[in-house]
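The values are calculated or read from the model by the stated rules, or taken from the named source; none is laboratory data. Note that the structure is a prediction, hence the values are computed from the model and not measured. Heads up, the Cβs are rebuilt from the backbone with ideal geometry, glycines too, and the neighbour counts pull from every protein chain shown.
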Amino acid sequence: MADRNSSLLHSKPAPALSHRHCAMLLQYHAWPDRYAEMAKNLAMHCELPAPPRPGKAACGARAALLRVHPQRLWLLADRGTAHDHPSIGADTGAMLDLSYARTIIHVEERIVSPLLSRFVAVDLRPQHFAVDDIALTPLHRVSVVLWRRADGIDVLVPRSFARSIWDVLAEAATRLN
């Protein structure tokens with residue numbers, strides 16, 4: 001398999017923005033009557049007590065799970081390959097490797113609200129968008145996933161739009177500093 005370079009490899013540095021590494025991003029989508037079983041198995045694999053509720057993420061010892069849809073979970077891991085994580089049968093649902101399809105832009109907590117509130121219609125104040133909350137929203141006309149972390153927000157951007165989103169955020173971040 002080809003070596004995966006970041007789509008932000010040659011981007012100009014920007015204040016309070018960084019690229020967060022993600023070795024593995026797998027999407028699991030279950031049929032309606034099989035979601036509970038799939039979610040339980042993935043939570044056990046990630047060493048979590050329970051799968052996340054809709055709009056939430058949960059970080060386990062092996063990987064994080066994000067509930068991005070009523071029947072869909074994203075598994076994010078810092079290392080490994082798809083072979084290190086469970087697969088599901090066609091009778092349960094479908095699994096898709098999105099590792100090459102998304103880039104993670106991290107926005108530091110100190111500028112999250114003033115920066116991202118210019119681009120998204122989500123109340124990002126910590127009392128309304130707490131740690132491990134997620135939201136699917138357009139940012140500069142591109143659908144992204146926002147994930148509140150303890151140190152800021154990760155913006156999971158389609159790889160093909162990562163550079164343009166970075167440039168827009170970087171320009172605004174520079175003006176804020």
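Out of ILE104, ILE165, ILE111, ILE134, one residue alone is touching a Phe, Trp or Tyr at 6+ places or on another chain (Cβ under 6 Å) and either modelled with pLDDT of 95 or more or of a type in the set (Val, Ile, Thr) (or both). It is ILE134.
Restricting the search to strands (runs of 3 or more DSSP E) fully inside the range 83-177 and requiring at least 3 residues that are over 21 Å from LEU73 (Cα atoms) and in contact with a Lys or Arg (Cβ under 8 Å, 6 or more places away or on another chain) gives an empty result. Take the residues of the range 130-164 that are buried (at least 21 other Cβ atoms within 10 Å of the Cβ) and β-branched (Val, Ile, Thr): which is nearest to PRO51 (Cα to Cα)? Across the range 130-164, the extreme among qualifying residues is ILE134. Scanning the range 61-116 for residues that are in the same structural domain as MET38 (by TED's automatic domain parsing) and free of Cβ contacts under 8 Å to residues at least 40 places away in the same chain turns up ALA61, ARG62, ALA63, ALA64, LEU65, PRO70, HIS83, SER87, GLY89, ALA90. Screening LEU98, LEU75 for residues that are under 20 Å from VAL144 (Cβ atoms) and surrounded by fewer than 19 Cβ atoms within 10 Å (Cβ to Cβ) leaves exactly one candidate, LEU98.
Taking LEU48, is it in contact with a Pro (Cβ under 8 Å, 6 or more places away or on another chain) and outside the structural domain of ALA170 (by TED's automatic domain parsing)?
Answer is no for this residue.
When the range 56-82 is filtered for residues that are under 20 Å from CYS22 (Cα atoms) and in a loop (DSSP other than H, G, I, E, B), the ones remaining, listed by number, are GLY60, ALA61, ARG62, ALA63, ASP78, ARG79, GLY80, THR81. Within the range 42-55, the set of residues being surrounded by fewer than 16 Cβ atoms within 10 Å (Cβ to Cβ) and in contact (Cβ under 8 Å) with a residue 40 or more places away in the chain comprises just one member, GLY55.
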